[in-house]
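One structure below.
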Amino acid sequence: MSRGVRRAGFVSPQVAGSFAGPVPARPGRYPGRVRQTEFWNLMRAQFGDVYAQSVAKDYVFGNLGERTVERALADGVDAKVVWRTVCDAFNVPENMR
């Protein structure tokens, strides 16, 4: 099993028309990526509050570039990619993925 996990907040900017800078998302909308709130809800549902934090801080995953979950999220890796990596490493049942 690979090791790694860290947590961080990153939302990629949206590009609108000819404007090349970040555009704030409207309330209630998310531009296609898994929200970190949902990611952490899934982690807690699968592992429980305490162990989810341990997995996030203590395990380094090869598929995340030898990073923990927290570091990968802090570095801007999509939460969906991180969740799938955790699922594969810990054999999370398909209905939880």
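Tabulated values for the structure
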| read-out | value |
| --- | --- |
| Restricting segment 63-97 to residues that are part of a helix (DSSP H, G or I) and among the β-branched types (Val, Ile, Thr), the residue that is surrounded by the fewest Cβ atoms within 10 Å (Cβ to Cβ) | 81 |
| Any hit, segment 43-56, residues being surrounded by 13 or more Cβ atoms within 10 Å (Cβ to Cβ), at pLDDT 95 or above and part of a loop (DSSP other than H, G, I, E, B) | no |
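The values are calculated or read from the model by the stated rules, or taken from the named source; none is laboratory data. A quick note: this is a predicted structure, and the numbers were derived from the prediction, not measured. A quick note on method: Cβ atoms are made from the backbone with ideal geometry, for glycine too, and the neighbour counts reach across all protein chains shown.
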